[in-house]
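Here the structure comes first, spelled out in structure tokens, and everything after it is commentary.
The values are calculated or read from the model by the stated rules, or taken from the named source; none is laboratory data. Being a predicted model, the structure only gives us computed values, none of them experimental. All Cβ positions, glycine included, derive from the backbone under ideal geometry; neighbour counts span all protein chains shown. In case anyone asks, the SASA skips ligands and DNA or RNA and just uses the protein heavy atoms, side chains included. Shrake-Rupley method; radii C 1.70, N 1.55, O 1.52, S 1.80 Å.
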Amino acid sequence: MVEGLSVPNWQGVGTSVALVGLAALIAYRQHLHLTRELLIAAARAGVQLVAVGAILLILFRHTGLPGALGWVVLMVGIAGQVAGRRGAGLPHAIRAATAGVAFGTVITLGALIVLQVISTQARVVVPVGGMIVSGSMQATGIALRRLREDAVAARPAIEARLCLGLPARAAFLPYRRSALRTALVPGIDSTKVVGLISLPGAMTGLILAGVEPLTAIRYQIVVMYMLLAAASLAALAAARVAERALFDDAQRLITLPG
């Protein structure tokens, strides 16, 4: 424990629970029909965090790098399921999402480890890997959802391009680019204003732990840049896998549910 670091006790946790109750009360009084969902989400988050905390305690003490990488693989699988549901209606959406998240995570986290940018300690690899997986998941989900929307809405235009003799990849290229732009815009926007509007999580955590601000800034720069790379790689890989499934062997666009 870092000297001088103040960590909330269970009474502080109780105070935060009261704040969740306030949010639920607002949702109820404003007839948002979100009260039950909000309370379930809060309860689920608490249970999940306690369970994960116990598992990570064992992981950090006894398993080392292999255990940390195994945990990252588990996170990739879960993220693929979540992102795949964003592209529901696309053929093999979960497979495309998992492939995208895995690709972005392996390349980005692998580069950080091999080039010794981060330590190979489990307590470093797991949270950094979690940030990479999370960013990849968000970009992948957005890309797949946009791909599906464009494949339905722009079907006449895509078929017209196919009739002109363009191969499937070229006929769909403008829509893949549109999906990738949509997926990357949130990450680009957050990178533009980092430090101006909010202090990101990694930097805030290090500062709260007593690390000098300039040291925390170096770490945050690495985090922001790795998230941009992971999001780009993940979205591209997922879009390419999903795009192939949109066309049959005769390079005809398949029919998707409206």
Worksheet entry | Cα centroid separation - segment 117-146 against segment 217-247, whole Å | 9
Practice prompt. For every other residue with a beta carbon closer than 13 angstrom to the beta carbon of Gly80, add +1 if it is Lys or Arg and -1 if Asp or Glu, then tell me the sum.
Written response: +3
Worksheet item: Roughly what angle does helix 93-114 make with the longest principal axis of the chain, taking Cα atoms, 0 to 90 degrees, to the nearest 10?
Response: 50
Worksheet entry | Rg to Rh quotient for the chain, alpha carbon positions, Kirkwood Rh | 1.04
Fill in: Helix 35-62 vs. the chain, principal-axis angle (Cα, 0 to 90°, nearest 10)
70
Response to the item:
In the chain the accessible area split gives carbon plus sulfur, as whole percent at 1.4 Å, a share of 66
Item to complete: Measure nothing but the geometry: give the 0 to 90° angle between the long axis through the Cα atoms of 122-153 and the longest principal axis through the Cα atoms of the chain, rounded to 10°.
Response: 30
Worksheet item: For segment 111-224, what is the accessible area per residue in Å² when the probe is 1.4 Å?
Response: 54
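Relative contact order of the chain, please, whole-number percent, based on alpha carbon pairs below 8 angstrom and at least 6 residues apart.
Once divided by the residue count of the chain, the mean separation gives 25 percent.
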Worksheet item: Can you give me the relative contact order of segment 105-258 as a percent, contacts being Cα pairs under 8 Å and 6 or more apart?
Response: 36
